[in-house]
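The values are calculated or read from the model by the stated rules, or taken from the named source; none is laboratory data. None of the values given here were measured: they were computed from a predicted structure. Quick reminder, even Gly has a Cβ in these numbers, built from the backbone with ideal geometry, and neighbours come from all protein chains shown.
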Amino acid sequence: MKSEWVRAHTNIALIKYWGKENEELIIPMNNSLSLTLDAFYTETKVTFDENLKTDEFYLDDMIQDLAELEKVKTVLNIVRGKAGIKARAKVESHNHVPTAAGLASSASGLAALAGAASLAAGLDLSERELSKLARRGSGSASRSIYGGFAEWQKGTNDDTSYAVPIDDANWDIGMLFIVVNDKKKEVSSREGMLRTVKTSPFYQGWLNTLDADLSAIKDAIDQQDLHAVGAIAERNALKMHATTLGANPPFTYWSPDSMKAMDAVRDLREKGYSVHFTMDAGPNVKLICKQSQLAEIKSHLLKDFSESQLIEAKPGPGLHVVSKLSN
Ligand code: ADP
Ligand code: DP6
């Protein structure tokens, strides 16, 4: 058995996953498509130990309570089943991304765990099997197995729902994060999407337009058409966020600062930059722009936001073992 540090990077969806067909297996309602990023990641090590009485999960050196252990346990139990082992595990993880703030810690966190746990159990899983395993912890984690653009194909059951690589994103595309709040959000993605599916009359409207968005963005990626990629992603995100206002009880992930960030993006577009935004289950805003213009766009935003709120990201790599922890 090999206990090694495994690193997975976060990914941001350009076509969002929002709603499950099967809650337990995490089969989504629709395909989603994302870009894995270099700036934010998780490093995780798993050690199976016959002497442990329960699974233990340390996140940034702090022991986590039972609620936080839930998703982790799901992945560990599947790995134990596949490997035929009974030992409990110690999970040590370090997030180089704020946790539960809409910056996709669940994607990098559960993908790194899938990699580290399967390695520690002596399983030699393919990327596709790793994607399915990560999916059971958190849906978006299925896409973080791959670098660049990945599509999570919804499938119909546990075996057919996994992500596939689409394009290595080795062209002039980047993301700039405007972090307006990095504290834990009130409505988790899991709870927010469930409430929306169950109660929002707008949910069906959202689903109806997804096939068209997905095929248009795949064409745009093929053509390396940054403007079209951004425009489709922005429309898709706004539609997703519209569904939450129709939920009962209604909710929104937007804050006044999110709106300020969206306005700043529109101003930049008027100045002639190809820049669009997307948002996830949190108030932070992610800009899609040319990688070669990240610094220039950031300098414009410094009149409204502080240096520490603005984080530049380039396309990042897939899951991999690291020889030592980063600082
Ligand atoms: P986010 O926007 O950060 O993805 P979510 O609410 O979707 O927010 O997910 C946050 C949850 O993901 C945490 O409460 C925890 O359960 C899980 N998580 C985050 N980081 C890790 C990690 N490094 N290892 C395992 N699980 C993690
Ligand atoms: C808005 O993958 O965190 O970021 O599967 O319940 O763990 P669970 O949800 P999660 O949801 C991510 C939602 C999103 C959109 C996306 O990443 O596609």
Any hit, region 13-21, residues being buried (at least 21 other Cβ atoms within 10 Å of the Cβ), modelled with pLDDT of 95 or more and charged (D, E, K, R):
yes
So in region 29-45, with the set limited to residues that are over 14 Å from the mean Cα position of the chain (by Cα) and assigned to a strand (DSSP E or B), which one is nearest to ligand 1 (Cβ to nearest atom)?
THR44
Could you grab the pairs with beta carbons closer than 6 Å, sequence gap of 6+ or different chains, first residue in region 197-208 and touching a residue at least 24 places away in the same chain (Cβ under 8 Å), second one surrounded by fewer than 14 Cβ atoms within 10 Å (Cβ to Cβ) and of a type in the set (S, T, N, Q)?
THR199/ASN248
Of everything in region 226-238 that's surrounded by 17 or more Cβ atoms within 10 Å (Cβ to Cβ) and of a type outside the set (A, V, I, L, M), which residue is nearest to ligand 2 (Cβ to nearest atom)?
ASN236
Considering (1) touching a residue at least 40 places away in the same chain (Cβ under 8 Å); (2) farther than 17 Å from ALA134 by Cβ; (3) surrounded by 15 or more Cβ atoms within 10 Å (Cβ to Cβ); (4) not small (Gly, Ala, Ser), say which one GLU43 fails and leave the rest.
(2)
For the subset of region 281-312 comprising residues that are outside any loop (DSSP other than H, G, I, E, B), among the hydrophobic types (A, V, I, L, M, F, W, C) and more than 15 Å from ligand 1 (Cβ to nearest atom), which member is surrounded by the most Cβ atoms within 10 Å (Cβ to Cβ)?
LEU287
Helices (runs of 4 or more DSSP H) contained in region 181-280 and holding at least 1 residues modelled with pLDDT under 95 and within 23 Å of SER34 (Cβ to Cβ):
189-199
Does PHE202 satisfy the condition of being within 15 Å of ligand 1 (Cβ to nearest atom), among the hydrophobic types (A, V, I, L, M, F, W, C) and surrounded by 14 or more Cβ atoms within 10 Å (Cβ to Cβ)?
no
Flag for ALA100 being within 18 Å of the chain's Cα centre (by Cα), among the small types (Gly, Ala, Ser) and within 14 Å of ligand 2 (Cβ to nearest atom)
yes
Pick from region 46-67, criterion in a strand (DSSP E or B) and without any contact (Cβ under 8 Å) to a residue 40 or more places away in the chain, ranking: nearest to ligand 1 (Cβ to nearest atom)
PHE57
Residues that are away from ligand 1 (no atom under 16 Å from the Cβ) and touching a residue at least 12 places away in the same chain (Cβ under 8 Å): which strands (runs of 3 or more DSSP E) entirely in region 80-172 hold 3 or more of them?
149-153, 162-167
The listed residue being within 15 Å of ligand 2 (Cβ to nearest atom) and polar (S, T, N, Q), out of SER215, SER200
SER200
